[in-house]
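Peer 1: Could you have a look at this structure, given as structure tokens, before my questions?
The values are calculated or read from the model by the stated rules, or taken from the named source; none is laboratory data. Source: prediction; values computed, not measured. Backbone-built Cβ (ideal geometry, glycine too); neighbour counts: all protein chains shown. Ligands, DNA and RNA are excluded from the accessible area calculation, which covers all protein heavy atoms including side chains. Shrake-Rupley method; radii C 1.70, N 1.55, O 1.52, S 1.80 Å.
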Amino acid sequence: MQVWTSRELEKRIRRLLRSLDVQPPLSVPDLCTALARHRGRHIELRAFPLRADGPLGAWLETPKADVIVFQRETTAHHQDHIVLHELGHILADHPGPPGGAVWEALLPGLGADAIRRALLRCSYGTREEQEAELVATIVGEWAAILDHVTPAVQSDDLSVRRVQLALGDHAGWL
């Protein structure tokens, strides 16, 4: 597993976000779609009423897709942050964690190995959890900046957006 300094991780995430061509305002599902296309692997988002004393989200690697489970019983903003945190594990190249029967009941059809890998991470005490939280913060902060500085009218044409980027304000994902 690669160990990143905060600065290296931030630079890597910014480069990746630029390459994904995600347009403001940030839509976490759109970001997941763009990232899935970039990685060649489907990302499925599943909201569940998770127990308050357990993890608020989990990333499960399956043979066919990455499944991100997140707390259904919270605000949309908090759900976005939970999903961004789980994406942080993917973007920081963390190995998936180990798991148990509760997840098998919640997510029928997922293999026990995938579930086991997802359940190791329940606190921010590990380097992996800190990196995932840093990624979520980086994406969230830059999305907020980009949402405020990007002109309201954006073109659907990639060439026009590139010209706007070249000639416009360089805040945001840069």
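Peer 1: May I ask you to give the percent of accessible area on the stretch 1-56 that is carbon plus sulfur, with a probe radius of 1.4 Å? List each step's numbers first, then the result.
Peer 2: Details: 1720 of 3480 Å².
It is 49 percent, rounded to a whole number.
Peer 1: With a probe of 1.4 Å, find how much accessible area the stretch 1-83 has per residue, and write the answer as a whole number in Å². Numbers along the way, then the final one.
Peer 2: On the way: 4760 Å² over 83 residues.
For the stretch 1-83, the solvent-accessible area averages 57 Å² per residue.
Peer 1: With θ set to phi - 60° and the Karplus curve 6.51 cos²θ - 1.76 cosθ + 1.60, what are the ³J(HN,Hα) couplings of the stretch 79-84 in order, to the nearest whole Hz, using x for Gly and Pro?
Peer 2: Once rounded to whole Hz, the list reads 4, 4, 5, 4, 5, 4.
Peer 1: Given H placed 1.01 Å from N in the peptide plane, which residues other than close sequence neighbours of Arg46 have an amide H under 5 Å from its amide H?
Peer 2: So Arg46 has HN proximity to Ile68, Val69, Phe70.
Peer 1: Ok, one more. With every protein chain present, what accessible area does Arg41 have (1.4 Å probe, heavy atoms only), rounded to the nearest 10 Å²?
Peer 2: 50 Å²
Peer 1: Now for a different question. Considering only protein heavy atoms, with the full assembly of protein chains and a 1.4 angstrom probe, order His85, His42, His78 by accessible area, largest first.
Peer 2: Ranked list, largest accessible area first: His42, His78, His85.
Peer 1: Let me ask something additional. Ranked from the most accessible area to the least, with a 1.4 Å probe and all protein chains present, what is the order of Glu8, Glu86, Glu44?
Peer 2: Values: Glu8 85, Glu86 10, Glu44 60 Å².
Sorted descending by solvent-accessible area, the residues read Glu8, Glu44, Glu86.
Peer 1: Heavy atoms only, 1.4 Å probe, whole protein assembly: order His77, His38 by accessible area, highest first.
Peer 2: Numbers: His77 150, His38 110 Å².
Listed by decreasing accessible area, they come as His77, His38.
Peer 1: Report the accessible area of Thr75, computed with a 1.4 Å probe over the heavy atoms of all protein chains in place, in Å² rounded to the nearest 10.
Peer 2: 80 Å²
Peer 1: Apply the Karplus curve 6.51 cos²θ - 1.76 cosθ + 1.60, θ = phi - 60°, to the phi angles in the stretch 66-78 and return the couplings in whole Hz, x for Gly and Pro.
Peer 2: Values, residue by residue: 9, 10, 10, 9, 9, 4, 7, 8, 7, 6, 4, 4, 5 Hz.
Peer 1: Express in nm, to one decimal, how much length is gained between Glu8 and Thr74 on full extension, taking 0.36 nm for each residue of separation and deducting their alpha carbon distance. Don't skip to the answer; put the middle values down first.
Peer 2: On the way: separation 66, 0.36 × 66 = 23.76 nm, distance 3.19 nm.
Length gained, Glu8 through Thr74: 20.6 nm.
Peer 1: Just to check I understand the Karplus step: with θ = phi - 60° and J = 6.51 cos²θ - 1.76 cosθ + 1.60, what whole-Hz values come out for the stretch 7-18, glycine and proline as x?
Peer 2: Per-residue couplings from phi come out as 5, 4, 5, 4, 4, 4, 5, 4, 4, 4, 4, 4 Hz.
Peer 1: Using 7 Å Cα-to-Cβ label points, what is the Arg15/Arg51 separation (nm, one decimal)?
Peer 2: 4.2 nm
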